[in-house]
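Taken together, the values in this text are just the output of simple stated rules run on the coordinates, not laboratory data. Here the structure is a predicted model, which means the values were calculated and not measured. Glycine also receives a Cβ, built like all others from the backbone with ideal geometry; neighbour counts cover every protein chain displayed.
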Amino acid sequence: MNSSVVNRKVVEKLAIDGGTPVCSEPLPQRGLIGEEEKFMAIKVFDEAIETGNAFDYGEKYEAQYEQDFVNFMGGGFADGVNSGTNAIYCALGGLQIEPFSEVVVPPITDAGGVMPVVMMGLIPVFADSDPRTYNTSAEQIERLITERTRAIIVAHIAGDPVDMCPVMELARKHELYVIEDCAQAHGAVYRGELVGRFGDIAAFSTMSGKHHCTGGQGGVVYTKNENLHWRARRFADRGKPFNIAGETKNVVAGINCNSNELSAAIGIAQLKKLPGILKNRRLVGDAIKAGLKDCKAVSFVWQVPDSKSSYWFLNLKLDLNVIRVSKETFCDAISAEGPLVSPTYRHIQCEKPWFENQSAFGTQGFPWSCPLYKGEKKPKYDLKNAVSVTETHFNVWINERYGQKEVEKILASIKKVENAFLVA
């Protein structure tokens, strides 16, 4: 794969061909966990040792973390839970939707963003993406709404906000709930408001790889609606009668999705860092976006106007018509230069065996197979836009420790590879 002359110009020998890589040293790691989190964790342990009581859940650190999260979001209500998946699950539990109702779900998302729908005895219906991005749109959602539809889940993938106003207009027209999956979009902004504040209820992941974490795993259920907050909170803790005067018994079936004091203490320290994390990620993401404007093969993903990404990763488009290699080869060449690249993000859940085989409860295909469900028993989805965008886009991973030097190296790597592989 030796490439030396393109368009009669001498180009640098690619690192994948044995040339010198752009990044002579590895790009910096995040360093997300530091002395601040260590201090809070030790504090929790010291208090447990001093009192003789093991640290628990639902006490002072969790209450403070939830309040700090609410303050970050600009008001509302929050409940810390033990994963982003369970944040979706508890949000659905709080909505109290009748079984076998349909929920429109995102085209491209983690399995944990869809599986809770089935676990609630509901039916996921997959919207296609906007042809320009991994995210769905009101146009794609509208064509799926039936008399059985009760809710919509939208995911802000890569930190890029969905165009929420049309989605909310559609939802209000049909009296549907909206859950925002903000797992990858802490601090992303749409029309001057943080994502998570548009839908009826929102779910955040705080696992170790997200913008801020509460340890290895964690999540937050967030809403501006106090009634929904208490309903979701009861569901997240086995139906305990939170905020019901005079009631002492469990009032609804639910499972234990609680967070804990140690995770919350870590989260307290993390939330203090989050504004700086977001600022630095935006500086890096916006600088790379600007730096790609003169490229011929690589361009930045389309983003909704009047929005600010929180850049969990960079979504880049590759014009396969102007290069002479496959996307995989192109991405491998960039990786060899030093940047962290994922050639594909084909997390299209309706293509996965769990959905195609309806492997949820036993072997009978429940909930689809239940006679009470009046929709398609063996649904198939042809998400042409989602497939196309995953076939033509790739991801570059960044973090908040990157600065101008790393921006220049990433841009240099992309441009070096593009220059080598452009069609003559």
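Work out how much length residue 354 to residue 405 would gain on full extension: take 0.36 nm times their residue separation and subtract the Cα-Cα distance, in nm to one decimal. Walk me through the intermediate numbers first.
Numbers: separation 51, 0.36 × 51 = 18.36 nm, distance 4.33 nm.
Result for the pair: 14.0 nm of gain on full extension.
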Whole-Hz Karplus ³J(HN,Hα) for segment 369-374, in order, using 6.51 cos²θ - 1.76 cosθ + 1.60 and θ = phi - 60°, x for Gly and Pro? 7, 5, x, 6, 8, 9
Just the number, please: percent antiparallel of the DSSP beta bridges in the chain, rounded to the nearest 5. 65
To the nearest 10 degrees, how steep is helix 261-291 against the longest Cα principal axis of the chain, on a 0 to 90 scale? 30
The long-range amide H neighbours of residue 57, using H built 1.01 Å from N in the peptide plane and a cut-off of under 5 Å, are 261
Once Lys and Arg are counted +1 and Asp and Glu -1 for all other residues with Cβ under 12 Å from that of residue 147, the total becomes +1
Among the listed pairs 327/380; 273/308; 60/240; 289/416, those beyond 26 Å (Cα-Cα): 327/380
Loop trypsin sites (Lys or Arg not before Pro), segment 153-196 (other Cβ atoms within 10 Å of the site Cβ: 16 or fewer; DSSP): 191
Measure nothing but the geometry: give the 0 to 90° angle between the long axis through the Cα atoms of 35-51 and the longest principal axis through the Cα atoms of the chain, rounded to 10°. 30
Measure out, as a whole number of angstrom, how far apart the alpha-carbon centroids of segment 93-135 and segment 269-321 sit. 26
Show the residues, 5+ positions off or on another chain, whose built amide H is closer than 5 Å to the amide H of residue 323. 423
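Let me know the shape class of the chain, please: from the alpha-carbon gyration tensor, a ≥ b ≥ c as square roots of the eigenvalues, rounded when a/c is under 1.5, otherwise prolate if a/b is greater than b/c, or oblate. Display every interim value, and only then the final one.
On the way: a/c = 2.22, a/b = 1.38, b/c = 1.61.
The shape class here is oblate.
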Mean-position separation - Cα centroids, segment 146-181 and segment 39-69, in angstrom: 36
Between helix 404-421 and the chain: long-axis angle, C-alpha atoms, 0 to 90°, nearest 10: 60
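Counting other beta carbons within 10 Å of each residue's own, what order do 220, 118 fall into, fewest first?
Numbers: 220 28, 118 21.
Least to most surrounded, the residues fall as 118, 220.
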Name the GluC sites (Glu not before Pro) in segment 203-295 that are in a loop by DSSP and that have at most 13 other C-beta atoms within 10 Å, would you? 247
Apply the Karplus parameterisation 6.51 cos²θ - 1.76 cosθ + 1.60, with θ equal to phi minus 60°, to every residue of segment 213-220 and state each ³J(HN,Hα) to the nearest whole Hz, in sequence, with x for glycine and proline. 10, 10, x, x, 9, x, x, 9
Please arrange 44, 22 by counting, for each residue, the other beta carbons lying within 10 Å of its beta carbon, fewest first. 44, 22
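Per DSSP helix of 4 or more residues, -39500 (n - 2.57); summed, then divided by the residues of the chain. What does that give at 222 nm, rounded to the nearest 500?
Values: 12 runs with 148 residues, N = 424.
Calculated mean residue ellipticity at 222 nm is -11000 deg cm²/dmol.
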Highest GNM mean-square fluctuation, the chain, Cα pairs closer than 10 Å: which of 54, 41, 155? 54
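Chymotrypsin sites (Phe, Trp or Tyr not before Pro) within segment 76-182: which are DSSP loop residues with at most 10 other Cβ atoms inside 10 Å? List each step's numbers first, then the result.
Working: sites: 77, 89, 100, 126, 134, 177; in loops: 100, 134.
Passing sites in segment 76-182 do not exist.
Report the extension gain between residue 43 and residue 132 in nm, rounded to one decimal, defined as 0.36 nm multiplied by the number of residues separating them, less their alpha carbon distance.
Working: separation 89, 0.36 × 89 = 32.04 nm, distance 4.76 nm.
Net length gain for the segment: 27.3 nm.
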